[in-house]
1. For region 458-515: of the residues being closer than 30 Å to residue 533 by Cβ and hydroxyl-bearing (Ser, Thr, Tyr), which is farthest from the chain's Cα centre (by Cα)?
2. Would you call residue 241 surrounded by 15 or more Cβ atoms within 10 Å (Cβ to Cβ), within 24 Å of residue 319 (Cα to Cα) and among the small types (Gly, Ala, Ser)?
3. In region 459-491, what residues are within 19 Å of residue 447 (Cβ to Cβ) and in contact with a Gly (Cβ under 8 Å, 6 or more places away or on another chain)?
4. Just wondering, is there one or more residues in region 391-414 that are of a type in the set (Lys, Arg), in contact with an Asp or Glu (Cβ under 9 Å, 6 or more places away or on another chain) and closer than 26 Å to residue 548 by Cβ?
5. Would you check which residues across region 505-557 are of a type in the set (Lys, Arg), touching a strand residue (DSSP E or B) at 6+ places or on another chain (Cβ under 7 Å) and part of a strand (DSSP E or B) and list them?
6. Scan region 530-546 for residues that are without any contact (Cβ under 8 Å) to a residue 24 or more places away in the chain and either within 26 Å of the chain's Cα centre (by Cα) or at positive phi (or both) and report the count.
7. The conditions are (1) touching a Phe, Trp or Tyr at 6+ places or on another chain (Cβ under 9 Å); (2) loosely packed, with under 15 Cβ neighbours inside 10 Å, and residue 320 fails exactly one of them. Which is it?
8. Quickly run through region 179-199 and pick out the residues that are surrounded by 15 or more Cβ atoms within 10 Å (Cβ to Cβ), within 30 Å of residue 157 (Cβ to Cβ) and of a type outside the set (Lys, Arg).
Amino acid sequence: MRLTRLIYTTLFFITAGILNTRAQDPKTTEKKQEEKAVTEEIEVVRPYKPVLAEAVKLRRSPDLNDVKTYKAKFNYNLTDRKLELNSDINKLQAQQLAAQKEAELINNYVKGALGSAGTVLAEAYVNIGRDEALQAGAFFKHFGQSGSLNKQNANQQQLSIFGRSIGDQVTMTGKLNFQRQGLYFYGVDNARPTFNTDPARQALSFIEAEGEIVNKFTEDPDALSYAAKLNGYVWSDQYKAKESSIVLNAYLNKRISSLNLGLAGSVEFGKTKDVLTSFGNNLLKLNPYIRLQTNGVKINAGINFVQEFGAFSSSRIFPAVTADFTLIPDYLQIFGEVKGDVNRNSLKLLTDENPFLNSNINIKNSIEKLSISGGIKGTGGPGFGYKAKFYHKQIEDMPLFVNNFTDFNKFDVIYDFGTMKLSGLEGEISVQISDALKWTGKLNIEDYKPAAETQSWFKPTMRVSSDFMYAVTKQITFNAAVAMQGDSKAKIYTAAPANPYFTPDLANETVITVKGFIDLGIGASYKINNKFSAFAKANNLFNKKYSKYLYYEAIGMNIFGGISYSF
């Protein structure tokens, strides 16, 4: 036992001595490095003392035994509603817009103007208002001027009353029109200035009534379309000449898919009477046709049957074919036409072209044996349109004006005995850059080849017309118009011609050139407010003493201006 304790005691001391020896054996290199590394002296000013904000301090200890749960109170209101098994889409109800005040409609006006050359202008237009189904109105105009020549006076009056009713099935239109033109035969021959010192007076009166009924368009591919128009007028002059006419036009069309079967017809009853002449000039026209319209192609093929009766009696059949092909929609179309017709000449049409007509005029119809035309038309973009075509006509008994042998300042009507040929080119351009800038222009170049006459009298070979409008501001607008005409030929008798007249006698006539002209006019308007506007216009700015008809000079430069009132 003692031996065991001695052994354990001896081992304990030996172990303790070894551990003490290792603990006291420092490494001299590490001690030297530590002594070199400490080069700064740290001074502790005060010990760190955390400060707790007042907001997070707890005044009391939490109750860890609070295990009570919160129970919310709910109130239920159950609705007894039937379940609808409806899969359809419900219709949305459009929200009603607030009522808007209608814009003030100003579609009536009166205007008046005075100026040089004795210019007097009075004009008025009235309309019943906004109703789209019923429209009615009236128009009145008076315009008069006087030139520097003896009794170079002219005045015109026009009064029109019109109405239109648009129903569920048809549209009805009616018109009453009265026109009067007062003038003098003031023509002057500079080679014989003593002639015509007291020009005779002339007054042309025209009363017209017209009614039309047209059925409304429908999308039905098998729809039946129809229209009818009745027109009648009475014309008279200062002397004994009188003319009356009644024209009835009817149209019937049956649409079958892309085809149209139709019939157009008219009957004209005309009578012309003077002191030494009296003519009954009547026409019956029938035009059955077939029309194809599909995929940019429009072809109308038919015939034109014309029956003359009255003073003349004959029956004729002409072709009536038109075609229109769209190559580029809205940009390029090609069109062509082949037709023929009988054109009824009348004192009304002749005096509209030349009001200085003589008495006892011979009336005869003109036969358009064959008319061929074709060309292109379309648009070149927004606001730009164009049309160009050529035409060739063969006309029998074309009416021409010639100065009377006795009264040189009055015109007779002769007919080019035989078939004359007319070839021409026509071009039109329309440009509208905006509502503030518009321009249109038209050009006609024609070549006449007379039948029996040496020239087509008073028929110019070139005619140009153009209109221009530019709105500088909403208040100020400028406009301009130009008319240009080439030279034409006139015939003067050196001896009295044969009566009745058929063919020319070259030994008894001379040819005079009527020079062409350019007539430029400009105008301006200023909108004072929505009611009042002021305007001014100047005509024949070049002050040319040109003549459309031999011995009749136009009025020189004239300027006039006035005020218009809209309501």
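The values are calculated or read from the model by the stated rules, or taken from the named source; none is laboratory data. Everything numeric in this text was worked out from a predicted model, so none of it was measured. A quick note on method: Cβ atoms are made from the backbone with ideal geometry, for glycine too, and the neighbour counts reach across all protein chains shown.
1. 473
2. Details: surrounded by 15 or more Cβ atoms within 10 Å (Cβ to Cβ): yes; within 24 Å of residue 319 (Cα to Cα): no; among the small types (Gly, Ala, Ser): yes.
It is false that residue 241 is surrounded by 15 or more Cβ atoms within 10 Å (Cβ to Cβ), within 24 Å of residue 319 (Cα to Cα) and among the small types (Gly, Ala, Ser).
3. 460, 461, 462, 463, 464, 484, 485, 486, 487, 488
4. Our first condition is that a residue be of a type in the set (Lys, Arg); within region 391-414, this holds for 393, 410.
Next cut, in contact with an Asp or Glu (Cβ under 9 Å, 6 or more places away or on another chain) only: 393.
If we keep only those that are closer than 26 Å to residue 548 by Cβ as well, we get 393.
Yes: one or more hits.
5. Initially, region 505-557 is screened for residues of a type in the set (Lys, Arg), giving 515, 527, 531, 537, 544-545, 548.
Then drop every residue that is not touching a strand residue (DSSP E or B) at 6+ places or on another chain (Cβ under 7 Å), which leaves 527, 531, 537, 544-545.
Correct list: 527, 537.
6. We begin by selecting, within region 530-546, every residue without any contact (Cβ under 8 Å) to a residue 24 or more places away in the chain; these are 538-541, 543, 545.
Of the ones still in play, those that are also either within 26 Å of the chain's Cα centre (by Cα) or at positive phi (or both) are 538-540, 543.
Qualifying residue count, region 530-546: 4.
7. Failed condition: (2).
8. The initial filter retains those residues of region 179-199 that are surrounded by 15 or more Cβ atoms within 10 Å (Cβ to Cβ), namely 179-189, 196, 199.
If we keep only those that are within 30 Å of residue 157 (Cβ to Cβ) as well, we get 179-188, 196, 199.
Passing the criteria: 179, 181, 182, 183, 184, 185, 186, 187, 188, 196, 199.
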